[in-house]
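Here, each number is a calculation from the coordinates, and none is a lab measurement. This is a predicted model, so every value here is computed, not measured. Here the Cβ positions follow ideal geometry from the backbone for every residue, glycine too, while neighbour counts run over all protein chains shown.
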Amino acid sequence: QVQLVESGGGLAQPGGSLMLSCVAPGITFPRYTMAWYRQSPGRQREFVARIATGGRANYADSVQGRFTISRDNAKNTVYLQMTSLKPEDTAVYYCSARWELADYWGQGTQVTVSA
């Protein structure tokens, strides 16, 4: 069973920055489309950002221009650089890896944006 491992969450002030990391052990990482999702209390899990195997990225409108997704295929790792954080970015952030029928998730990392 593949288990992705997220890290880098924590407390940030509004306007601050955090970088999330997600390691995906045991998979042929370059084949996978990697993505970040988030879920806040009382809301459904929502898409945040995705990076394809060739490096093309796309973002939710709510984070466009503030968040940047990147990947390091040599380290089996995907990153999410978050800047200009807002209180509404508070959520548990999840990493996912998808290729054909394979669909793997991590346990999530909490991000809290508060003064």
If you take the charge dipole of the chain about its Cα centre, with +1 on Lys and Arg Cβ and -1 on Asp and Glu Cβ, which of TRP36, CYS22, ASN58 is farthest toward its positive end?
ASN58
Once you have the Cα-Cα distance between SER40 and LYS86, take 0.36 nm times their residue separation minus that, and quote the gain in nm to one decimal.
15.2 nm
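In whole percent, what relative contact order does the chain give with Cα contacts below 8 Å and a gap of six or more residues?
Relative contact order comes out at 37 percent.
Note down the magnitude of the dipole of the chain about its Cα centre, charges +1 on Lys and Arg C-beta and -1 on Asp and Glu C-beta and zero elsewhere, to the nearest 20 debye.
Working: 11 positive and 8 negative charges, 29 e Å.
About 140 debye.
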Provide, for q = 0.17 Å⁻¹, the log10 of I(q)/I(0) from a solvent-free Debye sum over equal Cα point scatterers in the chain.
-0.75
Filtering GluC sites (Glu not before Pro) in segment 25-115 by DSSP loop and by at most 15 other Cβ atoms within 10 Å leaves GLU100
Between ALA60 and ASP103, what is the label-point separation in nm under the 7 Å Cα-to-beta-carbon projection?
1.8 nm
Give me the one-decimal nm value for the distance between modelled label points at GLN110 and ASN73, 7 Å along each residue's Cα-to-Cβ direction.
3.7 nm
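Please report the equivalent ellipsoid semi-axes of segment 14-76, computed as sqrt(5 x eigenvalue) of the Cα gyration tensor, largest first, in whole Å.
22, 14, 12
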Whole-number value, in Å³ per residue, for the convex hull of the alpha carbons of segment 51-108 is 104 Å³
Regarding segment 1-50, what are the three Cα extents along the principal axes, ordered largest first, in Å?
37, 23, 19
